[in-house]
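To start, the structure under review is shown below, and the notes come after it.
The values are calculated or read from the model by the stated rules, or taken from the named source; none is laboratory data. These numbers were taken from a predicted model, which means no experiment stands behind them. Here the Cβ positions follow ideal geometry from the backbone for every residue, glycine too, while neighbour counts run over all protein chains shown. Areas reflect the complete protein model, heavy atoms only, side chains present, ligands, DNA and RNA absent. Shrake-Rupley method; radii C 1.70, N 1.55, O 1.52, S 1.80 Å.
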Amino acid sequence: MALRLDRRHFLGLAGASASVAALAACGGPDTSGSSATSAVADIDFKDVKPAASIDFWSSHPGKSEDIEKQLVAKFEAANPGIKVNLVTAGANYEEIAQKFQTAQAANSGLPGVVLLSDVWWFRYYINGNIIPMDSAIKQLDIKLSDYRDSLVQDYQYANKQWAMPYARSTPLFYYNKDHFKAAGLPDRAPATWSEFGDWASKIKAASGAQYAYMYPALADYAGWTLQNNLWGWGSGWSKGWDITCDSDDAVAAMQWVQDSVYKDKWAGVSSKDSSADFGGGIASATISSTGSLVGVLKTAKFNVGVGFLPGGPKATKPVCPTGGAGLGIPSGISKEQQLAAAMFIKFVGQPENAAAFSGATGYMPVNKSADMTAVLAKTPQIQTAIDQLAVTKVQDNARVFLPGADQEMAKAVAKIVTQQADVKSTMGDLKKTLQGIYDKDVKPKLKS
């Protein structure tokens, strides 16, 4: 668990004048936290009465609107004094974040509960936009020990809990069992990308599909899923705060990706949703979120296989990142609203509700005690996602801690795989951009 703590407390390790390289070279983690906002006091909810109404902002990840409506109705039945208004606050995490930022600037119209993706929650922490949930967790007796450790710890920083896991996922390798069988291949995901490269021409010839593999849509997935390739080749977007996206290994990984599209011509790049492309038979394999699993199984007219993400020439595990979204509580609302919000977050995180949400979407159950028997009987493929959680790797700082970095990564990858740009120079330019984001948006918010 040391690696996870290193990342989570890394911002407290160095003064504001330290360079990124110096940050990467620092010693053990400072679990006290020394960022500008780590002194935020716990909120005293003693004698506070929960608000009669709160809004819950969601983008309904994994086509979850129906199950979210059911959870809201169930909560209201159990808590007749509180109404939860389910608001479609955007079509994706980015749109919710933009709406939340607008509400913050206006200091009005804030929700009680907001869906926070893995690349957005930290900027809200350093800007003081969300509350630490520790006092509410204690007062409401929320059992943190029953949450899956790696998922709940993803929202811990400076010894406080800033959100709770909700729609949590890993990428999965999806493949068309029928196409693999027609190509004479084993019924499993490839162990490495090199192995899949050897399979690709056989798959394409035997299947009649346009592509053997479809890269996910870059705007939403490039920074997340390509960590798998970068890690497999022995690099990453960053190592600690040392930006490594222009290293020889990173360039080699992205050159391989580009070659699969332009040179070897067995891969395509999805314009919108690779899981839909896969489910429609356009491609024989793809990587997509576990949250797409139930939808793929419903729409595909073929036998769907899922497996762990492939490794690379230098690492075969752990090469899979966690991801998805949690639920947070804004700081700019009343204590009464914050307490009602915490009650709702506790409710949706209860084992039976977490299992229902997982069964409806394919996202991982966030609780250890969630009874998945009925869910797995109906959708046994979810077990693969649960099993892969044991070999996940904490995401790179550059992706999850630098505001806007995920979009910059997507832009760089787009140049490489849709414009055939020079890989080395493009990754070098990306490093300069990521360094600039750190210097401007993160370093000034640290204190020595």
**OP:** State, to one decimal in nm, how far the label point of residue 79 lies from the label point of residue 198, with both points 7 Å from Cα in the Cβ direction.
**Re:** 5.5
Subject >> Hull volume in cubic angstrom per residue (convex hull over the Cα atoms of the range 54-159) >> reply: 131
Original post:
How would you classify the range 391-448 from its alpha-carbon gyration tensor, with a ≥ b ≥ c the square roots of the eigenvalues: rounded for a/c under 1.5, else prolate if a/b is greater than b/c, otherwise oblate?
Top reply: oblate
Subject >> Radius ratio Rg over Rh of the range 245-336, counting only Cα atoms, Kirkwood formula for Rh >> reply: 1.10
Original post:
What is the distance in Å between the Cα centres of the range 349-392 and the range 255-313?
Top reply: 22
Original post:
What angle, in degrees between 0 and 90 and rounded to the nearest 10, separates the Cα long axis of helix 65-78 from the longest principal axis of the Cα atoms of the chain?
Top reply: 20
Original post:
Looking at the chain, what % of its DSSP beta bridges pair antiparallel, to the nearest 5?
Top reply: 60
**OP:** When a/c is below 1.5 the answer is rounded, else prolate if a/b is larger than b/c, else oblate, so apply that to the range 288-417 with a ≥ b ≥ c taken from the square roots of the Cα gyration tensor eigenvalues.
**Re:** oblate
Original post:
Where the accessible area of the range 129-212 is counted over protein heavy atoms with a 1.4 Å probe, how much of it, in %, is carbon and sulfur?
Top reply: 46
Subject >> Pairs from 204/378; 138/378; 143/443; 143/393; 160/432 whose Cα-Cα separation, in the structure shown, is over 27 Å >> reply: 204/378; 138/378; 143/443; 160/432
Original post:
When the Debye formula is applied to the Cα atoms of the range 91-135, each taken as the same point scatterer, what base-10 log of I(q)/I(0) results at q = 0.17, 0.27 Å⁻¹?
Top reply: -0.46, -1.15
**OP:** Take the range 76-224, compute every pairwise Cα distance, and split them into 10 Å bins from 0; I just need the percent in each bin.
**Re:** 8, 26, 25, 17, 16, 7, 0
Original post:
Over what distance in Å are the Cα centres of the range 419-448 and the range 219-247 separated?
Top reply: 13
Original post:
Which value results when the Cα radius of gyration for the range 45-98 is divided by 2.2 N^0.38 Å?
Top reply: 1.30
**OP:** Mind pulling the angle between the C-alpha long axis of helix 335-348 and the longest principal axis of the chain? Nearest 10 degrees, somewhere in 0 to 90.
**Re:** 40
Original post:
Shape of the range 352-434 from its Cα gyration tensor (a ≥ b ≥ c, root eigenvalues): rounded if a/c is under 1.5, otherwise prolate when a/b > b/c, or oblate?
Top reply: prolate
Original post:
What aspartates and glutamates sit close enough to residue 272 to cross-link, taking a C-alpha to C-alpha distance under 16 Å and skipping anything fewer than 8 places away on the same chain?
Top reply: 94, 95, 220
Original post:
So what's the Cα pair-distance distribution over the chain, bin width 20 Å, in %?
Top reply: 26, 57, 17, 0
Original post:
In terms of modelled amide H atoms, which long-range or inter-chain residues lie less than 5 Å from the amide H of residue 322?
Top reply: 393, 395
Original post:
Relative to the longest principal axis of the chain, what angle (0 to 90°, nearest 10) does the C-alpha long axis of helix 248-262 take?
Top reply: 60
Original post:
Bin by bin, in steps of 10 Å, what percent of the Cα pairs in the range 174-308 do you find, going until the bin that has the longest distance?
Top reply: 13, 43, 33, 10, 1
**OP:** Using only the alpha-carbon atoms of the range 338-384, report the extent along each of the three principal axes, biggest first, to the nearest angstrom.
**Re:** 37, 18, 14
